[in-house]
Amino acid sequence: MKKLILPTLLLGMLIACNTTPDGFKIEGALSGEVENGTQVFLKKTDESNQLIEVDTTTIENGKFTFTGSSGMPELHYLLINSVRGNIPIVIENGNIEVNAQKDSLGYAKIKGTLQNDLFADFLEESRDMSQRAKSMSDEMRNASAIQDTATMASLRDEYFELQEEAKTYELKFAKENPEALISALIIEKVLKTKVLPEKEIKELYDALTPNIKETVVGQRIKTSLDKLVSTSIGVKAPNFSAPTPSGDELALTDVMGKVTIVDFWAAWCKPCRAENPNVVQVYKKYHDKGLNILGVSLDRRFEDWTKAIEDDGLEWNHVSNVKYFDEIAELYNVKSIPATFILDENGIIIAKNLRGTALENKISELLQ
């Protein structure tokens, strides 16, 4: 009988060590005066970046619990009724502990699973930089009140340095922690703000572990990167068609010249309107030599679009679905405007987002 005891114990230990949790349990403790029965909401963001409710529970004697199952790690938020702020938390299978103070939910301590431990490490440094930024802001306000311009200038320089430090820290974290969901969220942010070249963003994404690539945010990054590749320099520009101001359907392939500019703009876009006189000048100078332009408006109202064309003297071809950032903008991965794509006679993208003298110089070079 004794001979069987050790193997049985070892077998039990192996089974315990290799058991993957089939659900999650959040055990929360909230200090501060909170009435029993106060609701706690578990929420996440939808495709429109709006918070939607996932589950609800109540606080009893300062404690609350959520249980469920998660197919993959995903960022959620805990919100407490009538309490300011929220607690970001990664939902994944396993036991998650949350300890928070009513008046400072943003500084909650979360631990218990891999993703939340990694998230906690990231937040620790980020919160320190946030505190430093707040202190600088307070000092700036005081210096402004007494018109201390020297101190204001010094603080402004320090603040810009802190911004660079924060950006460097986030990129370093993403590179060093490819298994972290927060790394994918950082990469998505970099992708949207375009603070890195597309090649470097793709390298960061490629380094992520397979399970992080399979998450919702990982899939979003892949979709965006695929679109970037489809409109990167050296590839053929995707064709599209849309209504003209007169209501006719016009395709990109209908208006190709020796050089073609696809110009995403809108009447409401001040930088677009400021750049329009330069584009008009370039068009008048090089249209007879083979330059064509197709303006793609992201306006919401037909009247605004057509009036801006007339007011700014935009004599080239125009199309719009009059649906703001529509399917054409999505096809070209346009997240902000103005955005321009310069195509050669074969429809190959040869330059992007050139403005002012840079635009004229490029068109001059291509049509000499």
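Any read-out appearing in this document is the output of simple, stated calculations on the displayed coordinates, not a laboratory observation. Remember, it's a predicted structure, so these values are computed and weren't measured experimentally. Here Cβ is always computed from backbone atoms with ideal geometry, including for glycine, and neighbour counts include all displayed protein chains.
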(1) under 19 Å from residue 366 (Cα atoms); (2) exposed (fewer than 15 other Cβ atoms within 10 Å of the Cβ): which one isn't true of residue 303, the others all being true? (1)
Please identify the pairs in which a residue from the range 277-297 that is among the aromatic types (Phe, Trp, Tyr) has its Cβ atom under 7 Å from the Cβ atom of a residue that is in a helix (DSSP H, G or I) and surrounded by 14 or more Cβ atoms within 10 Å (Cβ to Cβ), counting only partners at least 6 apart or on another chain. 286/363; 286/367
Being touching an Asp or Glu at 6+ places or on another chain (Cβ under 9 Å) and buried (at least 20 other Cβ atoms within 10 Å of the Cβ) is the filter here; which residues of the range 241-262 pass it? 242, 259, 260
Residues of the range 265-294 classified as over 24 Å from residue 253 (Cα atoms) and among the aliphatic types (A, V, I, L, M), total: 2
Only one of (1) farther than 29 Å from residue 179 by Cβ; (2) assigned to a loop (DSSP other than H, G, I, E, B); (3) in contact with a Phe, Trp or Tyr (Cβ under 6 Å, 6 or more places away or on another chain); (4) not charged (D, E, K, R) fails for residue 70. Which number is that? (1)
For residue 69, which of the numbered conditions (1) touching a residue at least 24 places away in the same chain (Cβ under 8 Å); (2) out of contact with any Asp or Glu (no Cβ under 6 Å at 6 or more places or on another chain); (3) surrounded by 13 or more Cβ atoms within 10 Å (Cβ to Cβ); (4) not β-branched (Val, Ile, Thr) fails to hold? (3)
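Let's see how each residue does on (1) out of contact with any helix residue (DSSP H, G or I) (no Cβ under 6 Å at 6 or more places or on another chain); (2) under 23 Å from residue 75 (Cβ atoms); (3) in contact (Cβ under 8 Å) with a residue 24 or more places away in the chain:
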| site | (1), (2), (3) |
| --- | --- |
| 134 | yes, no, no |
| 143 | no, no, no |
| 149 | yes, no, no |
| 153 | yes, no, no |
| 156 | yes, no, no |
| 180 | no, yes, yes |
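Yes/no per residue for (1) under 30 Å from residue 208 (Cβ atoms); (2) surrounded by fewer than 15 Cβ atoms within 10 Å (Cβ to Cβ); (3) not acidic (Asp, Glu):
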residue: 152; (1), (2), (3): no, no, yes
residue: 157; (1), (2), (3): no, yes, no
residue: 161; (1), (2), (3): yes, yes, no
residue: 165; (1), (2), (3): yes, yes, no
residue: 170; (1), (2), (3): yes, no, no
residue: 176; (1), (2), (3): yes, yes, no
I'd like to verify a number: residues in the range 341-355 that are surrounded by fewer than 20 Cβ atoms within 10 Å (Cβ to Cβ) and either among the polar types (S, T, N, Q) or touching a residue at least 40 places away in the same chain (Cβ under 8 Å) (or both), how many? 10
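Can you tell which of 315, 310 is out of contact with any Ser or Thr (no Cβ under 8 Å at 6 or more places or on another chain), in contact (Cβ under 8 Å) with a residue 24 or more places away in the chain and over 24 Å from residue 224 (Cα atoms)? Write out each step before concluding.
Working: 310 fails: in contact (Cβ under 8 Å) with a residue 24 or more places away in the chain.
Of the residues listed, the single one that is out of contact with any Ser or Thr (no Cβ under 8 Å at 6 or more places or on another chain), in contact (Cβ under 8 Å) with a residue 24 or more places away in the chain and over 24 Å from residue 224 (Cα atoms) is 315.
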For the range 206-220, does any single residue satisfy the condition of being closer than 26 Å to residue 352 by Cβ, surrounded by fewer than 18 Cβ atoms within 10 Å (Cβ to Cβ) and under 17 Å from the mean Cα position of the chain (by Cα)? yes
